[in-house]
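Report on the structure given below.
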Amino acid sequence: MGALGTHRSVSSDGSFKSEGPTRPMRTRRRFRIVKVLLAIVVLFAVAVGLLFLLTPSAGQATALVREQARDRHIAYPGPPVPAYFAQALIATEDHRFYSDPGVDPLAMGRVVISWIIGREDQGGSTIDQQLAKNLYTGGHSGFTEDLEQLAMAVKLNQTYSRPQILRMYAEVAYYGHGYYGLDAASCGYFGRPPDRLTLVQAAMLAGVVNAPSYDDPLVYPRQARNRLVHVIGRMAAVGYLTPAQETAALNAPLGLSAVRGCA
């Protein structure tokens, strides 16, 4: 007698051979997989609910930005975010900024897959998550910190408009060379306020926040140039620049100022 759930047939030499699981067994196996996936979804939903209950209110964000500005002796509120800077930041850091719910499910899925196969991928952090990291977890990353950043990113997205998120982000970001805040960085690197930045200058500042010590144009000009080329390319890739504008930006002078600070 064959094993339960398998089908046996007679071969050409008269012996029996197994042809694998029958359809009922395969159906039961699929059903178990579906149940496991549903359990994972339910657990995830419960975990998200607990995170929302245990994490702070996003309404504290403006107060936290003000506190950081005071501690770093920079003006608050800072200047409005220039269009070029916003476009460069969004193109490079979070191109679905205007449509995602504070987290990017597609990018997060890619990161999870990278973790599973053992390959590093840092592309899952949205602008909202980066702001949450700076405001609520002291710039630190880790399992619990990342979970808190996820919850706070969604809360920030639900509480503030997109321009408000960009303005807070620009206010607390570190731009290298000791410059915190867009106004200090713009005056420090280029000797001009943010509303007078050229396209290439705004793109450099938007690019440097990813690795401010490594991409500092005053200390590591070659790395900063490579990062700038990447940012300009991303702006063209998502439609902010035409091919002609991309070429012009890549050939434009950066215009670093010999005098630190705005007149």
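Listed values for the range 231-245 are Karplus-derived 3J(HN,Hα) couplings in whole Hz (6.51 cos²θ - 1.76 cosθ + 1.60, θ = phi - 60°), namely 5, 4, x, 5, 4, 6, 5, 8, x, 6, 10, 7, x, 5, 5, and x replaces Gly and Pro.
Residues whose amide H comes within less than 5 Å of that of Tyr240, counting only those at least five positions distant or on another chain, are absent (H built at 1.01 Å from N in the peptide plane).
Fully extending the segment from Val238 to Asp146 would add 30.4 nm, taking 0.36 nm per residue of separation and subtracting the current Cα-Cα distance.
Every number here is computed from the coordinates shown, using simple stated rules; none is lab data. Fair warning: this is a prediction, and the values are worked out from it, not measured in the lab.
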